[in-house]
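Read the structure below first, then the notes.
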Amino acid sequence: DEYREEMLEKCFHFFSRKGYSKVTMREIADEIGISTGTLYHYFSTKENILGELIAWAGEKNVSDYISRVKPADSIRQRFKLIVDFWKENGNFYQNIMLLTIDMQRNSSSEQYEKVYAFFSNRYCDAMSEQLNISRQLAMFIFIHFLGITFHSLATSGNTEYERQIDLFSNMIKPLIVDAAEDKAHPVKKGRKVLKPVLMKNSARGGEPIFTK
């Protein structure tokens with residue numbers, strides 16, 4: 001198992017650099033320093049490598065963020081640690097997004113759905129537990145985080161990615177942090193946070209379109 005994980009880690013970096021569809025099994029074996037026979041012993045096809053790779057990378061990422069967040073005493077601290085973790089791992093999430101798109105294009109729908117379900121369920125379950133939020137809210141956060149990651153692929157550098165992470169985290173923070181401390185407070189805090197984002201000046205006198 002340890003040897004398999006070592007090969008998967010090397011494949012992750014190789015696929016991230018070269019792309020999945022452009023490499024052959026022989027090139028993969030040469031890159032990670034093994035024979036093609038050994039590679040086929042562990043992985044019957046290139047599609048099999050990709051499926052196990054995404055599942056392994058997702059599990060490792062979730063385990064890493066749990067180990068980072070779990071020691072924190074409060075939901076406020078845990079929320080900040082998760083946001084910091086997102087920012088630090090922007091390149092990883094971009095790479096896993098690209099590999100997931102490759103898998104969707106090159107694998108059977110059954111295999112793709114199984115791998116995606118494993119990663120999304122593991123991620124959402126961990127977030128729900130660590131932040132003490134509902135599974136539905138955890139899935140909502142996960143889906144929007146995927147959107148931010150996809151958007152960042154079309155922008156240069158990490159500035160836009162981090163800017164969107166900051167905006168999104170500020171919007172959901174009242175639902176998680178403030179609700180944990182005082183359930184009556186999130187509504188007021190949420191209005192304050194969302195007001196500059198949701199409101200748009202009208203053409204008449206610069207008054208906001210939404211007044212409530």
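The values are calculated or read from the model by the stated rules, or taken from the named source; none is laboratory data. The model shown is predicted, which means the values in this text are computed figures rather than measured ones. Note: ideal-geometry Cβ built from the backbone for every residue, glycine included; neighbour counts use all protein chains shown. SASA here: full protein model, heavy atoms, side chains in, ligands and nucleic acids out. Shrake-Rupley method; radii C 1.70, N 1.55, O 1.52, S 1.80 Å.
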Rounded to the nearest 0.05, FRET efficiency between Ser134 and Asn158 (Cβ-Cβ, R0 41 Å) equals 0.85
Expressed as a whole percentage, what fraction of the accessible surface of region 88-167 belongs to carbon and sulfur atoms when a 1.4 Å probe is rolled over the protein heavy atoms? 52 percent
How large is the Kirkwood hydrodynamic radius of region 18-98, counting all unique pairs of alpha carbons, in Å? 14.9 Å
Nearest-10 value in Å² for the accessible area of Leu99, using the 1.4 Å probe: 0 Å²
At q = 0.17, 0.23 Å⁻¹, what is the base-10 log of I(q)/I(0) for region 95-156 according to the Debye formula with one equal point scatterer per Cα and no solvent? Please give it to two decimals. -0.67, -0.99
At what distance in angstrom do the alpha carbon centres of region 35-51 and region 90-164 lie from each other? 25 Å
